[in-house]
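One structure is given here, and the rest of the page talks about it.
The values are calculated or read from the model by the stated rules, or taken from the named source; none is laboratory data. No experiment lies behind these values; they were computed from the predicted model shown. Here the Cβ positions follow ideal geometry from the backbone for every residue, glycine too, while neighbour counts run over all protein chains shown. Heads up: the accessible areas ignore ligands, DNA and RNA and are worked out on the full protein's heavy atoms, side chains in. Shrake-Rupley method; radii C 1.70, N 1.55, O 1.52, S 1.80 Å.
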Amino acid sequence: MNAIAFLAALVLALVATAAATPATAKGPFPVPVTYKVSSTHTATFGADGKLVVKSDICCSRVPCVEAGGSGDWSYDAKADALTVSFWMSPQWTLSQTWTCAIKSKDVKISRLEGCKTVSFSGAKGNTAPLPPDAKTWVRI
């Protein structure tokens with residue numbers, strides 16, 4: 001009888017812990033994580049679905065999407081595709097959907113290779129939020 005009571009208490013504790021754990025974005029890699037996605041750009045994927053892109057590129061005009069910014073990300077497990085989005089203004093949204101052919105086998109997925117944009121939308125969606133040369137992503 002003590003074993004049953006112990007198991008019941010354990011199950012209740014696990015359910016309470018799961019209910020108290022905040023929802024996190026699910027992706028093709030453990031989050032939060034920052035990847036160097038090109039020679040000039042890093043992308044930080046937050047557990048809350050937020051995205052921050054930083055770049056070495058400087059612009060003389062505003063807004064300059066190539067210089068980085070913040071937005072959101074989501075993952076479609078069925079399509080194995082990652083979508084990143086920036087909202088530059090109410091009328092200007094950039095969105096890209098990416099796939100990566102090869103993921104490293106380590107637990108942290110330290111490297112993604114063969115990454116490519118499979119679709120994009122918005123003016124400059126072909127160059128931002130992530131640059132088109134972001135073919136290999138290395139965890140930093």
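Of note:
- D72 being open to solvent by 60 Å² or more (accessible area, probe 1.4 Å) and acidic (D, E): no
- Residue in region 52-59 that is touching a residue at least 60 places away in the same chain (Cβ under 8 Å), surrounded by fewer than 18 Cβ atoms within 10 Å (Cβ to Cβ) and over 16 Å from the mean Cα position of the chain (by Cα) present: no
- Total residues in region 107-117, condition surrounded by 13 or more Cβ atoms within 10 Å (Cβ to Cβ) and in a strand (DSSP E or B): 5
- Residue that is least open to solvent (accessible area, probe 1.4 Å), among those in region 87-98 that are under 13 Å from the mean Cα position of the chain (by Cα) and more than 17 Å from T34 (Cα to Cα): Q96
- Per the listing A43, A25, the residue uniquely open to solvent by less than 30 Å² (accessible area, probe 1.4 Å) and modelled with pLDDT under 80 is A25.
- Evaluation of S55 against (1) of a type outside the set (A, V, I, L, M); (2) at pLDDT 90 or above; (3) out of contact with any helix residue (DSSP H, G or I) (no Cβ under 7 Å at 6 or more places or on another chain) (one fails), failing number: (3)
- The set of residues in region 120-140 being open to solvent by less than 60 Å² (accessible area, probe 1.4 Å) and either touching a Gly at 6+ places or on another chain (Cβ under 9 Å) or in a loop (DSSP other than H, G, I, E, B) (or both) consists of G122, G125, T127, A128, P129, L130, P131, A134, T136.
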